[in-house]
């Protein structure tokens, strides 16, 4: 209509908290990163996955200003890491490799060293960070008595003290037992989805990231080979959906599938994997019922993050982890 301005949906979208654009890095003649680009949105958990030596840690160190950028740029909350480092890094809490601590001091004393570096951190926030990582009962013990997992948790508390908008975590679950990993995962989901803190996390524990991330960026040989939502991961590379079918008569079931031209595999006794369009899936039970076959189970088969990861890396010409 004349005189009417219609807002573009994209114009309402917030700028990414972290934006990496055409990032390049070489050490001598060896190219480590080759024009990689990805964003992390507000309140999103993005997993950075790749084989050993693929460039994950180099990417994180460049984003944090720990290495010099050869080409491309990194912006955090709109601030360029190269040109406006202090304002950019003010918005970040990070753990790169194992957090370093003063072992002759207590956990609380270590946090207080960091606390004193900022004017706007209050003691209430410090106590919240301690409680959030489950160290309330041990915070006044010396670091020398802490396990590796406890030191990791103290490092996360330190990363949260100044209320960052972005957490960058490189292999943060090293040293955590299964219960600790679950608590850590639930805590990150809470921070992202309830508190709106963005998270970039690098890890080799694919099963853990499978239930943690909103999206994953797969890096191989210094290049991003795929960025997928977890929903896209479930069906990555599939033209048709796959289903697991358990019946009481495999012979009749096989003959029905062959008559109808349905792609199938027998994966166990009376158990089939079928690949069909969704509209065909709805009619399979009816077809089998009409032939006297009882269907005991019929459920979709979804790819795991590991399945998709291996496929992406292999198709890009790389090796697995």
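The values are calculated or read from the model by the stated rules, or taken from the named source; none is laboratory data. Please read all numbers here as calculations on a predicted model, not as lab measurements. As a convention, Cβ positions derive from the backbone with ideal geometry for all residues, glycine included, and neighbour counts pool all protein chains shown.
Return the residues of the range 144-164 that are touching a residue at least 24 places away in the same chain (Cβ under 8 Å) and surrounded by fewer than 18 Cβ atoms within 10 Å (Cβ to Cβ); say none if nothing qualifies.
Listed by number, the residues that qualify are 144, 147, 148, 149, 163.
From 241, 281, which residue is modelled with pLDDT under 90, under 30 Å from residue 312 (Cβ atoms) and over 31 Å from the mean Cα position of the chain (by Cα)?
Working: 241 fails: over 31 Å from the mean Cα position of the chain (by Cα).
Testing whether each residue is modelled with pLDDT under 90, under 30 Å from residue 312 (Cβ atoms) and over 31 Å from the mean Cα position of the chain (by Cα) leaves just 281.
Say whether the condition of being surrounded by 17 or more Cβ atoms within 10 Å (Cβ to Cβ), touching a helix residue (DSSP H, G or I) at 6+ places or on another chain (Cβ under 7 Å) and not in a strand (DSSP E or B) is met by at least one residue in the range 237-252.
no
Filter the range 296-319 for residues that are part of a loop (DSSP other than H, G, I, E, B) and surrounded by 11 or more Cβ atoms within 10 Å (Cβ to Cβ); which is modelled with the lowest pLDDT?
That would be 319.
Those residues that are surrounded by fewer than 24 Cβ atoms within 10 Å (Cβ to Cβ) and either outside the structural domain of residue 30 (by TED's automatic domain parsing) or in a strand (DSSP E or B) (or both), I need them from the range 196-219; list them, please.
Within the range 196-219, 202, 215 qualify.
Out of the strands (runs of 3 or more DSSP E) lying entirely within the range 15-86, which hold 1 or more residues that are more than 23 Å from residue 189 (Cα to Cα), over 16 Å from the mean Cα position of the chain (by Cα) and in the same structural domain as residue 185 (by TED's automatic domain parsing)? Step through it out loud before you land on a result.
Working: elements: 18-27, 30-40, 45-49, 71-76.
Passing ranges, in order: 18-27, 30-40, 71-76.
Considering each of 274, 256, 293 in turn, give the residue that is surrounded by 13 or more Cβ atoms within 10 Å (Cβ to Cβ), farther than 17 Å from residue 240 by Cβ and in contact with a strand residue (DSSP E or B) (Cβ under 6 Å, 6 or more places away or on another chain).
So the residue among 274, 256, 293 that is surrounded by 13 or more Cβ atoms within 10 Å (Cβ to Cβ), farther than 17 Å from residue 240 by Cβ and in contact with a strand residue (DSSP E or B) (Cβ under 6 Å, 6 or more places away or on another chain) is 293.
Just to be sure before I move on: is residue 100 assigned to a helix (DSSP H, G or I) and out of contact with any helix residue (DSSP H, G or I) (no Cβ under 7 Å at 6 or more places or on another chain) in the structure I sent?
No: the conditions fail for residue 100.
Within the range 223-236, how many residues turn out to be out of contact with any helix residue (DSSP H, G or I) (no Cβ under 9 Å at 6 or more places or on another chain), part of a strand (DSSP E or B) and modelled with pLDDT under 90?
Of the residues in the range 223-236, 1 are out of contact with any helix residue (DSSP H, G or I) (no Cβ under 9 Å at 6 or more places or on another chain), part of a strand (DSSP E or B) and modelled with pLDDT under 90.
Restricting to the range 58-75, name every residue that is out of contact with any helix residue (DSSP H, G or I) (no Cβ under 6 Å at 6 or more places or on another chain) and crowded, with 20+ Cβ neighbours inside 10 Å.
Within the range 58-75, the subset out of contact with any helix residue (DSSP H, G or I) (no Cβ under 6 Å at 6 or more places or on another chain) is 58-64, 66, 68, 70-73, 75.
Answer for the range 58-75, where residues must be out of contact with any helix residue (DSSP H, G or I) (no Cβ under 6 Å at 6 or more places or on another chain) and crowded, with 20+ Cβ neighbours inside 10 Å: 58, 59, 60, 62, 63, 75.
Evaluate the following for residue 119: is it at pLDDT 95 or above, part of a loop (DSSP other than H, G, I, E, B) and surrounded by fewer than 21 Cβ atoms within 10 Å (Cβ to Cβ)?
no
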